[in-house]
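Step one of this worksheet: look at the structure below.
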Amino acid sequence: MTDSVPPARYENTQGSSAPLPGTPPDYSILTPAFEKLCDVIARLRSPEGCPWDRAQTLETIKPYTLEETYELLEAIDSGNDQHIIEELGDLLLQIVLDSQIAADEGRFDLTHVVDGLTRKMIERHPHVFGDVSAETPDEVRKNWDQIKDQEKQRHSIFDGLPEALPALARASRVAEKAAKVGYDFPHRDMLFDKLREEIQELADELFPDGRLPETPATVEAEVIADQELDDPELQARVEGELGDILFVVANIARRWKINPEEALRKSNRKFQARVQKIEQALEAEGRSIQEATLQEMEAIYQAVKQQERAQR
């Protein structure tokens, strides 16, 4: 076991003591804790262990790995350290369990995973562990991509992009790959002209005269039921135009250094929280949301928005 040296510390912005950046963990504490985790996972997979864990394969465990990743993102957004610790642990569980499953199948084990990762991090950071110069994050990224392309022997700029990425996130990455070889609008403001063009193309499909409706967005109007598109060919064209609009929106986010997937996740969460406030307000009156009128719900929604603005 490596002898542990107390890490150097500094006073952070909150006035408390913290290890200097780049200080590794205390191995005298980490090593036995990690060994115990590996022992626990191995026991769960043993003949005397848990039937559920024994039944898992790398294929069946995939949905849980994805779910834990998104739960970690939510924890980071919350800023709650205990929540982050818990979700990081759940994600680490997936890595250790996946590796144990592979070891039980005679494919590889956790040591191969750790050794491969360590080697990759050293090889892809020659500006730290070698004699290559990279003074800015952009230079680091360029070196990283070049080394990665050489390692993977890729032929297309899109090789290596996971198909399973959420579509909005993948749109941003696809456009980013194209931009790296110069295929991008010269000025990011041009994307808004492109957005107007794509919206018009959608209007051309949805409305006979191609004119966008000017119906005010208000709850003080008669409710008109939506009608489905009954022409499969028209539906396919509308789907294509909507996809083009979303692709441009993803590009606008990319050019302003915004993660579109994160932006949408936060908007989803914001809208859900506001509607839940409507539910709570109505429950306090002894009513359910199903019993409220659209106008009543909108009044509460707008009040919640005003409250949020006042707390900023």
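Since every read-out is calculated from the coordinates, none of them should be taken as a lab result. Remember, it's a predicted structure, so these values are computed and weren't measured experimentally. Note: ideal-geometry Cβ built from the backbone for every residue, glycine included; neighbour counts use all protein chains shown.
At-a-glance table
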read-out: Most mobile listed residue (Ala273, Ala221, Ala42) in the chain, GNM with C-alpha springs under 10 Å; value: Ala221
read-out: Net lengthening on full extension, Trp144/Gln227 (0.36 nm per residue, minus Cα-Cα); value: 24.9 nm
read-out: Shape of segment 43-174, Cα gyration tensor, a/c cut at 1.5; value: prolate
read-out: Residue-averaged 222 nm ellipticity for the chain, from DSSP H runs of 4+ at -39500 (n - 2.57), nearest 500; value: -21000 deg cm²/dmol
read-out: Kirkwood estimate for segment 153-195, i.e. one over the average of 1/r between Cα atoms, Å; value: 11.7 Å
read-out: Size of electric dipole in segment 168-269: Cβ of Lys, Arg +1 and of Asp, Glu -1, about Cα centre, debye, nearest 20; value: 1240 debye
read-out: Gaussian network model of the chain, springs between alpha carbon atoms under 10 Å - residue of Leu20, Leu58, Leu30 with greatest fluctuation; value: Leu20
read-out: Residues Gln235 and Lys180, FRET efficiency given R0 of 25 Å [Cβ-Cβ distance, rounded to 0.05]; value: 0.10
read-out: Potential extension, Glu262-Gln82 segment - 0.36 nm per residue separation minus Cα distance; value: 62.7 nm
read-out: Convex hull volume per residue for the chain, taking Cα atoms only, in Å³; value: 279 Å³
read-out: Inter-label distance for Glu59 and Gln307, nm, one decimal - labels placed 7 Å from Cα along Cα-to-Cβ; value: 4.9 nm
read-out: Residue pairs, from the table Lys62/Lys142; Lys62/Lys266; Lys62/Lys148; Lys148/Lys266; Lys62/Lys257; Lys62/Lys305, whose Cα atoms sit over 28 Å apart; value: Lys62/Lys142; Lys148/Lys266; Lys62/Lys257; Lys62/Lys305
read-out: Residues Asp189 and Thr136, FRET efficiency given R0 of 25 Å [Cβ-Cβ distance, rounded to 0.05]; value: 0.55
read-out: Cβ-based charge dipole, the chain, positive-most Cα from Cys50, Leu93, Gly286; value: Leu93
read-out: Chymotrypsin sites (Phe, Trp or Tyr not before Pro), loop per DSSP, at most 14 other Cβ atoms within 10 Å - longest free stretch of the chain; value: 1-107
read-out: Cα-projected label distance for Thr69 with Arg43, points at 7 Å along beta-carbon direction, nm; value: 3.1 nm
read-out: Gain upon complete extension [Cys50, Ala164; 0.36 nm per residue less C-alpha separation]; value: 38.1 nm
